[in-house]
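Enquirer: Have a look at this one before I ask anything.
Laboratory data are not the source of any read-out in this text; all were calculated from the coordinates shown. Here the structure is a predicted model, which means the values were calculated and not measured. Cβ coordinates were reconstructed from backbone atoms using ideal geometry, including for glycine residues, and neighbour counts include every protein chain displayed.
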Amino acid sequence: MDKTVTFSFSSTKYEGTEATETFTFKELGIDDDLDDKALKIEIDRIFQAWVWDKLNISFSIVIE
């Protein structure tokens, strides 16, 4: 059976702003053989992109 990860968020500030979705590691392109530290980093990166997509957030950072 494939490993899965479930992403979920809700907003205490904006009522009704929430989402939950479950993905297999394969769907996310995550290697099952990653060590725990690398796996956490990869899942955090994917989760952040998932939340930004759900909230339709765009941003820019300018460093001068």
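Enquirer: Can you find, within segment 15-52, the residue that is nearest to residue 2 (Cα to Cα) among those that are hydrophobic (A, V, I, L, M, F, W, C) and over 14 Å from the mean Cα position of the chain (by Cα)?
Expert: Checking each candidate, the answer is 34.
Enquirer: Might you check whether a residue that is part of a helix (DSSP H, G or I), loosely packed, with under 10 Cβ neighbours inside 10 Å and charged (D, E, K, R) occurs anywhere in segment 15-30?
Expert: Looking through segment 15-30, none of the residues is part of a helix (DSSP H, G or I), loosely packed, with under 10 Cβ neighbours inside 10 Å and charged (D, E, K, R).
Enquirer: Now for a separate question. For segment 44-64, what are the residues that are surrounded by 13 or more Cβ atoms within 10 Å (Cβ to Cβ) and of a type in the set (D, E, K, R)?
Expert: Residue satisfying the conditions is 54 alone.
Enquirer: Report every pair of residues separated by at least 6 positions or lying on different chains whose Cβ atoms are under 8 Å apart, first residue within segment 16-36 and under 18 Å from residue 53 (Cα atoms), second among the basic types (Lys, Arg).
Expert: 19/54
Enquirer: When you go through (1) surrounded by 10 or more Cβ atoms within 10 Å (Cβ to Cβ); (2) in contact with a strand residue (DSSP E or B) (Cβ under 8 Å, 6 or more places away or on another chain); (3) of a type in the set (Val, Ile, Thr) one by one for residue 41, which number turns out not to apply?
Expert: (2)
Enquirer: Can you list residue pairs whose Cβ atoms sit under 7 Å apart, with the first residue in segment 44-64 being touching a residue at least 24 places away in the same chain (Cβ under 8 Å) and the second being small (Gly, Ala, Ser)? Count only pairs 6 or more apart in sequence or on different chains.
Expert: As it stands, the answer is 54/19, since those pairs meet every condition given.
Enquirer: Right, here's the next one. Does residue 41 fit the bill of being free of Cβ contacts under 8 Å to residues at least 40 places away in the same chain, farther than 15 Å from residue 9 by Cβ, assigned to a helix (DSSP H, G or I) and of a type outside the set (Ser, Thr, Tyr)?
Expert: yes
Results for (1) over 12 Å from the mean Cα position of the chain (by Cα); (2) part of a loop (DSSP other than H, G, I, E, B); (3) of a type in the set (Asp, Glu), shown as yes or no for each residue.
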residue: 2; (1), (2), (3): yes, yes, yes
residue: 13; (1), (2), (3): yes, yes, no
residue: 54; (1), (2), (3): no, no, no
residue: 63; (1), (2), (3): yes, yes, no
